[in-house]
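Peer 1: Below you will find the structure I want to go over with you.
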Amino acid sequence: MKKCALALVTLSIILITGCSANNDQVTPNIIQTKDSSSPKVILLVVDSLMDKPLKKAIHENKAPALEFFLKNGQYSKELVSAYPTMSVTIDSTLLTGTSPDKHKIPGLVWYNEDEQRVISYGNGLLETLKYGVTHVAYNSLYQFNNEDLSKNVKTIHEELDDRGKQTASINAVIYRGNYQHTLRVPKILAKTTSLPDKYNTTGPKILTLGDFLNQDPENNHVINRLGINDAFAVQELTYLLKNKLLPDFTILYLPENDHAVHRKGPKTTDGIEKVDKHLQEILNTYPKWNDALANTVWIIMGDGNQSAVEKNKKKALIDLRAALSDYKLLKLGDQVQKNTEIAITANERMAYIHKLKKDPSIKKIVSNLQTDPRIAWIAWKENDMVKVISNGRKGTLQFKTGGPYKDRYHQNWEIEGNMDILDVKANSRKRLSYGDYPDGLSRLYGAIHSQEGEFLIADAKPGYEFIGESSPEHTGGGAHGSMHKVDSYAPIIVTGTGRHIDQLRIVDLKKWIINILEEK
């Protein structure tokens, strides 16, 4: 029994974390809010929601709720995600309106230079077991929001509260706010780990995090991922709606579509069909579905894409341990030793490689990696520049902020070298456009400045995935993490407002939502 419980607990902890010229907008009937007061905003984040399977499910009449929202609102399939395209970094960018260089959450797994240890928020069963369930649980339940997320940025909950607006967070990974809350560790978890019975944390006025803290006293899903599931989250929202407790802004996180896509690949609609049934539950709390649109802005969005991984493991998986076998690597769960030279933190289709000693040099590590044709490019800091090389493309690309080049997001850059490495084009007026890597310069800059120490970033070509020691792998299924467009675009549906997003990026949504709530 204890062994089974530990497996359940470990899995539950893993699940706690785990604008374009062609926007494809559909605006047949934008229903505006009619009340004179500011509208309420409900943001539904559907993990790994993607355009093609969404459209397929609607076309096959398997997603009537999503079709209802789409027909009554605006739609785009090219919302640019954060980088790396991993949920913890994306959600940190969404909630703070900043990139990783500001909010300081580099990825699902990363090396903390100050603490000389790898921080993992739950990256697969085997990896979590090696780090220790207690270690990962502490990182996920407490450290993530209360220590790792930079105090120099404000979440949307903190900023709206400062403006006199109440907010709610339902099962979202990032939830930091101005109010004290107590997370009570379920008995099954407390008895099988050395976790305390409770954690004190800060969050918005209304905070829900599975069976650790809920609003509906009858909402108990302890045997289903400790409440970190779609059904639990939807029951919490319907409870707020039925009891007229909905605050000005609510974010609700639905994780289960991501699990289906990882297993079955990016073409599956199974997860979307299940999500739609939950959305129908929400709409059915109203007398008529159209009533849900009255004085309420609904935002339904994915957080990023997933791309197909080759079925053949030998071909698909880039084993960084083999490429760096000449060096003393930090093993999972071990302390850094005097002779430890490198720490690998693989985030599916991207990876950080951290240099822990003076030797080897960054250039030596790069030379070990760049011969692998499955790696699209490798980047690192050199003086005040970001330097990028690519196997198969000549020369190097170097860039930094400022300078004469300007992109569509009103960002200025100084650039030297071969821009083809990141598929960046410049016209005669030094106006930049992006190809395979949307908003590529800014997103890479944010990741390369997200943490201290010497490290490099490796990004995989489509079809391939990095692995380290006991990393999860998704051969024959779907994965994300890279900066390539196959991982970087997400769909977004918006009803109840005609206010357009100035720049269609996740990093811009916080400001846009606040502006909606400030409307009179």
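Peer 1: ASN412 passes all but one of (1) open to solvent by 40 Å² or more (accessible area, probe 1.4 Å); (2) over 26 Å from the mean Cα position of the chain (by Cα); which number fails?
Peer 2: If we test ASN412 against (1) open to solvent by 40 Å² or more (accessible area, probe 1.4 Å); (2) over 26 Å from the mean Cα position of the chain (by Cα), just (2) comes out false.
Peer 1: Do you know which residues across the stretch 198-220 are in a loop (DSSP other than H, G, I, E, B), at pLDDT 90 or above and either of a type in the set (Phe, Trp, Tyr) or farther than 21 Å from LYS151 by Cβ (or both)?
Peer 2: GLY210, PHE212, ASN214, GLN215, ASP216
Peer 1: Would you check if there is a residue in the stretch 191-202 being of a type outside the set (Ser, Thr, Tyr) and within 24 Å of the chain's Cα centre (by Cα)?
Peer 2: No, the stretch 191-202 has no match at all.
Peer 1: OK, next. Which ones in the stretch 147-197 are among the charged types (D, E, K, R) and part of a strand (DSSP E or B)?
Peer 2: ARG184
Peer 1: Scan the stretch 477-495 residue by residue and report those that are out of contact with any His (no Cβ under 6 Å at 6 or more places or on another chain), open to solvent by less than 30 Å² (accessible area, probe 1.4 Å) and not in a helix (DSSP H, G or I).
Peer 2: Correct list: ALA479, HIS480, GLY481, SER482, MET483, HIS484, ALA490, PRO491, ILE492, ILE493, VAL494, THR495.
Peer 1: Restricting to strands (runs of 3 or more DSSP E) lying wholly in the stretch 52-135: which have 2 or more residues that are open to solvent by 10 Å² or more (accessible area, probe 1.4 Å), among the β-branched types (Val, Ile, Thr) and closer than 30 Å to TYR409 by Cβ?
Peer 2: none
Peer 1: Scan the stretch 311-320 for residues that are open to solvent by 50 Å² or more (accessible area, probe 1.4 Å) and either of a type in the set (Gly, Ala, Ser) or assigned to a loop (DSSP other than H, G, I, E, B) (or both) and jot them down.
Peer 2: Within the stretch 311-320, LYS311, ASN312 qualify.
Peer 1: Still on this structure, I have one more. Here's a check for you: in the stretch 254-268, which residue that is open to solvent by less than 10 Å² (accessible area, probe 1.4 Å) and not in a helix (DSSP H, G or I) is farthest from ILE170 (Cα to Cα)?
Peer 2: Looking at residues that are open to solvent by less than 10 Å² (accessible area, probe 1.4 Å) and not in a helix (DSSP H, G or I), I get GLY265.
Peer 1: Here are LYS387, LYS425, LYS406: which of them is open to solvent by 50 Å² or more (accessible area, probe 1.4 Å), over 13 Å from ASP436 (Cβ atoms) and not β-branched (Val, Ile, Thr)?
Peer 2: One residue alone meets the criteria, LYS406.
Peer 1: OK, next. Hey, can you tell me all the residues within the stretch 321-366 that are assigned to a helix (DSSP H, G or I) and either among the acidic types (Asp, Glu) or within 20 Å of ASN383 (Cβ to Cβ) (or both)?
Peer 2: Once the filter is applied, which keeps residues that are assigned to a helix (DSSP H, G or I) and either among the acidic types (Asp, Glu) or within 20 Å of ASN383 (Cβ to Cβ) (or both), the stretch 321-366 yields ILE362, LYS363, LYS364, ILE365, VAL366.
The values are calculated or read from the model by the stated rules, or taken from the named source; none is laboratory data. This one's a predicted model, so the numbers in the text were calculated from it and none came from an experiment. Every residue, glycine as well, gets a Cβ built from its backbone with ideal geometry; the counts of neighbours run over all protein chains shown. The accessibility values were calculated without ligands, DNA or RNA, using every heavy atom of the protein model including side chains. Shrake-Rupley method; radii C 1.70, N 1.55, O 1.52, S 1.80 Å.
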